[in-house]
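Each remark here refers to the structure printed beneath this line.
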Amino acid sequence: MNIVLLGAPGAGKGTQASFIKKNFGLIHISTGDIFRENMRSGTELGLMAKKYMDEGRLVPDSVTCDLVRDRLAQDDVKKRGYMLDGFPRNMFQAQELDKFSKVDACIDIDVAVDCLMDRICGRRVCKNCGESYHISMLDGVTVCPGCGGELYQRDDDNPKTVESRLDTYFSQTAYLERYYGDQGKLRKIACGDLGPDEVYQKIKACLLELE
Ligand code: AMP
């Protein structure tokens, strides 16, 4: 099964991806994570991506599409299927993806806009296992409750960049609902006040139907 996870920054795509990975075994591919890994190891790709990420803009499509096409061609993905987190982010990327892979469903994690800024600016991520937490859950603890790794705040999780990331999402990415809706592939998950476990139960029900 191949799925796209759609949702604004802060909607909880990464958190849901780790639940899905544990239970369905799909390979989690986050373009943002790939760019951040490249930034950490100082590659040419990382240096190039950084200037776009710092401004909350999209990295050029040609670069991002090539990267995803290469990753999807690998054996683990072919064998186990994938969930894409953060890709596609505009119509061009969605159309390119359809040229090199078959998407079975788009899970759209729908969270009220006014929650997003607080969620993102309060997010802390584990350097070791990649799990994210909100500071309100941490009670001043600075290490990952799961693995003890060091927690950090992403450079682009600051109010100015977040504003621009949200603009980019609502001007370019949100339209993909329509794209996948027209193909009969959209599964919208209305999150309301639900916590991560309850949201996952809804997603799980969708995925079991698709299997
Ligand atoms: P994310 O971790 O998904 O929030 O992505 C962080 C940043 O990485 C975004 O704000 C973009 O600058 C860049 N990025 C991630 N995925 C893409 C994509 N599919 N296309 C272009 N830029 C991307």
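Values in this text are rule-based calculations from the coordinates and carry no lab data. This structure is a prediction, so every number in the text was calculated from the model and none was measured. Please note: Cβ atoms are built from the backbone with ideal geometry, for glycine as well, and neighbour counts cover all protein chains shown.
For residue 1 and residue 182, what is the calculated FRET efficiency with R₀ set at 22 Å and r taken between the beta-carbons, to the nearest 0.05?
0.60
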**OP:** Using Cα centres only, tell me the gap between the range 56-79 and the range 166-205 in whole Å.
**Re:** 21
Original post:
Tell me, what HN-Hα J-couplings in whole Hz come from the Karplus equation 6.51 cos²θ - 1.76 cosθ + 1.60 at θ = phi - 60° for each residue of the range 159-165, using x for Gly and Pro?
Top reply: x, 5, 5, 4, 4, 5, 5
Original post:
Ratio of Rg to Rh for the chain, alpha carbon only, Kirkwood?
Top reply: 0.93
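If you stretched the chain out fully between residue 61 and residue 102, how much longer would it get, using 0.36 nm times the residue separation minus the C-alpha to C-alpha distance?
12.9 nm
Under a Cβ-only charge scheme (Lys and Arg +1, Asp and Glu -1), can you give me the dipole magnitude of the chain about the Cα centre, in debye to the nearest 20?
Result for the chain is approximately 380 debye, rounded to the nearest 20.
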Original post:
Along the charge dipole of the range 20-59, which of 48, 26, 38 sits closest to the positive end, that is, farthest toward it, with unit charges on the beta carbon of Lys, Arg, Asp and Glu (+1, +1, -1, -1)?
Top reply: 26
Subject >> Proximal lysine pairs, the range 59-211, alpha carbons under 29 Å, eight or more residues apart or interchain >> reply: 29
**OP:** Would you compute, from DSSP H runs of 4+ residues alone, the mean residue ellipticity of the chain at 222 nm, taking -39500 (n - 2.57) per run and dividing by the full residue count, rounded to the nearest 500?
**Re:** -14500 deg cm²/dmol
Original post:
What ³J(HN,Hα) values, in whole Hz, does the Karplus curve 6.51 cos²θ - 1.76 cosθ + 1.60 give for the range 111-126 when θ = phi - 60°, with x put for Gly and Pro?
Top reply: 10, 4, 4, 5, 7, 5, 4, 5, 4, 6, 5, x, 7, 10, 10, 7
**OP:** Apply the Karplus parameterisation 6.51 cos²θ - 1.76 cosθ + 1.60, with θ equal to phi minus 60°, to every residue of the range 62-68 and state each ³J(HN,Hα) to the nearest whole Hz, in sequence, with x for glycine and proline.
**Re:** 4, 5, 5, 5, 4, 4, 5
Original post:
Which far-off residues, 5 or more places away or on another chain, put their amide H under 5 Å from the one on residue 83, with H placed in the peptide plane?
Top reply: 3, 27, 28, 29
